[in-house]
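The values are calculated or read from the model by the stated rules, or taken from the named source; none is laboratory data. Just so it is clear, the structure is predicted and the values come from calculations on it, not from any experiment. As a convention, Cβ positions derive from the backbone with ideal geometry for all residues, glycine included, and neighbour counts pool all protein chains shown. For the accessible areas, the whole protein counts, side chains as well, though only heavy atoms, and no ligand, DNA or RNA atoms are used. Shrake-Rupley method; radii C 1.70, N 1.55, O 1.52, S 1.80 Å.
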Amino acid sequence: GKSREVEVNPNRFLNIAHRGASGHAPEHTMFAYQLGKEMHGDYIEVDLQMTKDGVLIAMHDEKVDRTTNGSGYVKDMTLADIKKLDAGSWFNAAYPEKSQSQYEGVKVPTLEEVIETFGKNSRYYIETKAPEVYPGMEKELVRVLKKHKLNGQNTQSSKVIVQSFSQESLLEMNSLAPEIPLVQLISYSKPALISDAELTIIKEYAIGVGMNHKRIDRAYVEQVRHHGLLIHPYTVNKRADMERLMEWGVTGMFTNYPDVLEAVLKNK
Ligand code: G3P
Ligand code: CA
């Protein structure tokens with residue numbers, strides 16, 4: 001019969017472990033993802049970059065400089081180059097109070113390694129980052145998801161949500177694998193405003209939207225919900241912000257502290 005995992009409904013409130021439990025462990029490492037699961041994250045968030053030899057890896061920035069001991073652009077490096085890097089020591093240096101010796105020398109994971117490690121009993125909220133820099137990124141993502149049978153037939157059965165700031169990237173995903181649920185990320189530099197016309201267009205290919213929680217208000221949340229779209233603000237790390245956004249009716253959120261969000265949800 002159906003497992004419980006299959007019945008998890010993305011329309012219920014979602015706790016999304018942003019770059020893993022990245023407030024506790026080095027972002028986009030197996031340690032951060034494992035903690036995200038242990039802390040009751042419903043989804044592991046994975047940002048994607050693509051190597052020179054076409055492999056999708058989990059990394060937020062286009063350059064390796066901030067989160068590894070290397071330097072330069074992922075697009076100019078092979079997977080072998082990436083695998084020489086230490087993706088944990090920077091965290092120990094930046095956050096001595098959270099440092100752990102096991103983080104030293106931890107490797108940058110590929111998307112396939114993440115999926116092979118956490119399997120089909122996990123859920124993945126995957127972002128195509130800088131898709132304009134990586135032609136073929138969506139095709140490779142679909143290949144990996146299909147190989148591991150993570151592309152369910154609908155939002156209930158899919159283990160994956162794909163998100164992007166790039167509408168073009170999402171439309172490409174939609175044409176390659178229309179069954180995979182999509183979320184349109186929107187960047188605001190001022191208080192967020194969106195038209196009903198824009199939301200109607202987004203609704204044609206996406207199940208929801210995501211944006212900086214600091215830019216939105218109750219009216220924005222209600223407008224998005226009125227269109228039947230999910231709304232997943234990022235990156236919400238403080239308890240008071242979590243509580244206020246839930247009160248406004250958001251349907252999930254990205255957090256570096258899935259343990260804090262879990263505590264807020266439990267108290268409800
Ligand atoms: O994907 C949601 C949020 O993570 C977007 O911002 O820069 O952390 O990927 P960023
Ligand atoms: Ca992201």
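Remark: the Phe13-Glu179 segment gains 57.6 nm on full extension, using 0.36 nm per residue and subtracting the alpha carbon distance. Over the range 167-212, the hull volume per residue, using the convex hull of the C-alpha atoms, is 70 Å³.
The alpha-carbon of Lys107 sits under 16 angstrom from the alpha-carbons of these lysines, leaving out residues fewer than 8 places away in its chain: Lys63, Lys83, Lys84.
Site pair Tyr95 and Ser71 shows an inter-label distance of 2.6 nm when each label is modelled 7 Å from Cα along Cα→Cβ. Take the Cα of Glu116, step 7 Å toward its Cβ, do the same at Ala263, and the gap between the two points is 3.7 nm.
With r defined as the distance between the Cβ atoms of Gln102 and Glu132 and R0 fixed at 25 Å, what FRET efficiency is calculated, to the nearest 0.05? The value I calculate is 0.10. Extension gain, Asp53 to Glu140: 0.36 nm times the residue separation minus the Cα-Cα distance gives 30.2 nm. Rg over Rh for the chain works out to 0.95, using Cα positions for both radii and the Kirkwood form for Rh.
Only beta bridges with both residues in the chain are counted; by DSSP, about 15 percent of them are antiparallel. Here the chain has 50 percent of its accessible surface on carbon and sulfur atoms, given a 1.4 Å probe and all protein chains in place. A Förster radius of 35 Å, combined with the Cβ-Cβ distance separating Arg215 from Lys84, puts the computed FRET efficiency at roughly 0.35. For the chain, the solvent-accessible area works out to 44 Å² per residue, with a probe of 1.4 Å and every protein chain left in place. Just report the Cα centroid separation between the range 67-88 and the range 204-263, whole Å. Rounded to whole Å, the Cα centres lie 33 Å apart.
Charge dipole (Cα centre; +1 on Lys/Arg Cβ, -1 on Asp/Glu Cβ; no other charges) of the chain amounts to roughly 520 debye. Normalised by the number of residues in the chain, the average gap of Cα pairs under 8 Å and 6 or more apart makes the relative contact order 19 percent.
Quick one: net charge around Leu14, please, counting Lys, Arg +1 and Asp, Glu -1 for every other residue with C-beta under 10 Å from its C-beta. Neighbourhood net charge equals +1.
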